[in-house]
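Below is one structure, written out as structure tokens; the observations come after it.
The values are calculated or read from the model by the stated rules, or taken from the named source; none is laboratory data. Small disclaimer: the values here were computed from a predicted structure and weren't measured. We place every Cβ from the backbone using ideal geometry, glycine too, and count neighbours over all the protein chains shown.
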Amino acid sequence: MEHYYTEKPRSEVRENIFSYEINGIKLDFVSVSGVFAFSDRIDKATRLLIENYRPSGASNFVLDLGCGIGPIALYIKRRYPHLQVTAVDINERAVEYAKINARKNNLEIETLKSDLYEGLHGRLFGDIVSNPPIAAGKALNTRLITEAREHLMKNGALWLVAFHNKGGNTLKKIMHEVFGNVEDMEKSGGIRVYRSVNL
């Protein structure tokens with residue numbers, strides 16, 4: 001059984017081409033089977049995170065963890081061109097299509113294959129943003145949060161989005177345990193955007 005966090009998807013490659021506008025910014029995308037989310041639109045949770053993200057100002061380096069086809073990274077780069085955006089995913093097909101979508105929109109971001117922070121040794125970011133893979137289980141998502149501290153500058157922030165009653169509440173508790181703080185930045189349709197600051 002393949003999931004969107006499968007490292008090497010073997011499913012048949014099927015594509016959807018679409019344009020999508022958020023906060024007055026319209027980007028073009030190719031979505032692909034075997035990658036979150038294979039659709040003709042950006043999913044509601046990802047959209048809510050994009051709409052509400054604001055740079056912490058701790059540094060100009062931003063990490064999109066579990067980037068899928070790249071919407072979070074690309075909208076951030078278009079809206080805040082001064083930021084240096086890195087997008088990573090364990091899924092090789094996701095990384096390939098994040099690159100395709102960056103080229104499609106003439107945006108320069110760094111794209112890397114990485115199992116969480118594995119390919120980012122010693123690198124620090126002002127912000128880490130993620131629509132985390134809840135379906136991958138609590139252990140992986142706990143690692144995503146705890147290891148974020150090692151990759152955030154002082155006063156940098158971890159931004160996560162999730163359905164509050166489908167795993168989000170657990171994420172929020174772990175964020176509070178790890179960082180000593182967590183804030184609901186937005187709530188809409190059962191989805192919440194959570195932010196913890198690395199004080």
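Odds and ends about this structure:
- Strands (runs of 3 or more DSSP E) contained in region 129-199 and holding at least 3 residues buried (at least 19 other Cβ atoms within 10 Å of the Cβ) and in contact (Cβ under 8 Å) with a residue 12 or more places away in the chain: 152-163, 191-197
- Tally of residues being over 18 Å from residue 18 (Cβ atoms) and either small (Gly, Ala, Ser) or free of Cβ contacts under 8 Å to residues at least 24 places away in the same chain (or both) across region 60-70: 1
- Members of region 17-42 that are at pLDDT 95 or above and among the acidic types (Asp, Glu): 21, 28
- Residue pairs whose Cβ atoms lie under 9 Å apart, separated by 6 or more positions or on different chains, with the first residue in region 9-35 and in contact (Cβ under 8 Å) with a residue 12 or more places away in the chain and over 16 Å from residue 92 (Cβ atoms) and the second basic (Lys, Arg) and surrounded by 19 or more Cβ atoms within 10 Å (Cβ to Cβ), are 20/47; 22/47.
- For region 108-128, a residue qualifies if it is among the acidic types (Asp, Glu) and free of Cβ contacts under 8 Å to residues at least 24 places away in the same chain, and exactly one does: 118.
- Evaluating residue 89 against the criteria (1) touching a helix residue (DSSP H, G or I) at 6+ places or on another chain (Cβ under 8 Å); (2) within 16 Å of residue 52 (Cβ to Cβ); (3) among the acidic types (Asp, Glu) leaves one unmet condition, (2).
- Only residues that are touching a residue at least 40 places away in the same chain (Cβ under 8 Å) and among the β-branched types (Val, Ile, Thr) were counted across region 71-103, and they come to 4.
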